[in-house]
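**Student:** Okay, here's the structure, questions in a sec.
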Amino acid sequence: MPETQAPKPSLRERVLDAAETVVMRDGAARLTLDAVIAEAGVSKGGMLYHFRSKEVLLEGLVERTLARDEADIGALRDTLPPDQPNREGRARLIASLAPCPVSPELGIAVIAASAHHRELLAPIRTHVTETLDALGALEDEIPNARLLYLAMAGLYMFDVFGISPLDPDEADALRAQARRILDDHGAL
């Protein structure tokens, strides 16, 4: 029986993958369209068709990162019983307990770019607002759900900036403590 191969990623996805590789390998300062073109092995025209500027490329990285996050939240939501109240809020809170899902380099690249192009942060603000709204609805059942989420977000940002005073075991212990809090309230 012939082996089926996974479909090749689209040109757009290849370019985004290459951009992530450049940032993680060479650092945010070296993220240029030329570096991404070389890494992806695409023509300049192919690159510019999907990403006409570095800002549009960074916007694509933000969108893809948020899409991955939303997919993770959706997968968590689908594991919760259908009759459980506020599955959205629960899934968002549980997802916040995961270690930093993006590399610090990619996070720094997005944050650095957003310092010059604040509009790149708009989708992230929307994502956080939606999460806080869902968690607000959960606070009758899980007091301080928003506070717990924001604490985990702070831990995440420490990881992104590479400034966490915690070693990985200490960070994992804090996440475990947060899980116990949720478990005590029947959230897990």
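**Student:** Would you mind working out the accessible area per residue for the chain, using a 1.4 Å probe, and quoting it in Å²?
**Tutor:** On the way: 10820 Å² over 188 residues.
Accessible area per residue: 58 Å².
**Student:** Dividing the Cα convex hull volume of region 69-188 by residue count, how many Å³ per residue is that?
**Tutor:** Numbers: hull volume 12.1 nm³, N = 120.
Output value, Cα hull per residue: 101 Å³.
**Student:** Which of Ser164, Pro81, Ala29 sits farthest toward the positive end of the charge dipole of region 29-188, with +1 on the Cβ of Lys and Arg and -1 on the Cβ of Asp and Glu?
**Tutor:** It is Ala29.
**Student:** By the gyration tensor of its Cα atoms, with a ≥ b ≥ c the square roots of the eigenvalues, what is the shape of region 110-179: rounded for a/c under 1.5, prolate for a/b over b/c, or oblate?
**Tutor:** Details: a/c = 4.09, a/b = 1.13, b/c = 3.62.
Cα axes put region 110-179 in the oblate bin.
**Student:** With +1 on each Lys and Arg Cβ and -1 on each Asp and Glu Cβ, how big is the dipole of region 117-186 about its Cα centre, in debye rounded to the nearest 20? Numbers along the way, then the final one.
**Tutor:** Numbers: 6 positive and 13 negative charges, 49 e Å.
Here the size comes out at about 240 debye.
**Student:** Leaving out ligands, DNA and RNA, and with a 1.4 Å probe, what % of the accessible surface on the chain is carbon or sulfur?
**Tutor:** On the way: 6110 of 10820 Å².
Looking at the chain in its full context, I get 56 percent from C and S.
**Student:** Rounded to the nearest 20 Debye, what is the dipole magnitude of the chain about its Cα centre when Lys and Arg each give +1 and Asp and Glu each give -1 at the C-beta? Show your work: numbers first, answer last.
**Tutor:** Working: 20 positive and 30 negative charges, 127 e Å.
So the dipole magnitude of the chain works out to roughly 620 debye.
**Student:** Compute the signed sum of charges (Lys and Arg +1, Asp and Glu -1) over the other residues within less than 13 Å, Cβ to Cβ, of His185. Kindly include the intermediate steps, with their values, before the conclusion.
**Tutor:** Numbers: positive: Arg90, Arg179, Arg180; negative: Glu139, Asp140, Glu141, Asp183, Asp184.
For residues surrounding His185, the net value is -2.
**Student:** Then there's this: At q = 0.16, 0.23 Å⁻¹, what base-10 log of I(q)/I(0) does the Debye formula yield for region 41-140 when every alpha carbon is treated as an equal point scatterer in vacuo?
**Tutor:** Treating every Cα as an identical point scatterer, log10 I(q)/I(0) equals -0.79, -1.21.
The values are calculated or read from the model by the stated rules, or taken from the named source; none is laboratory data. Fair warning: this is a prediction, and the values are worked out from it, not measured in the lab. Counting neighbours? That spans all protein chains shown, and the Cβs are built from the backbone with ideal geometry, glycine included. Accessible surface areas use protein heavy atoms only, side chains included; no ligands, DNA or RNA. Shrake-Rupley method; radii C 1.70, N 1.55, O 1.52, S 1.80 Å.
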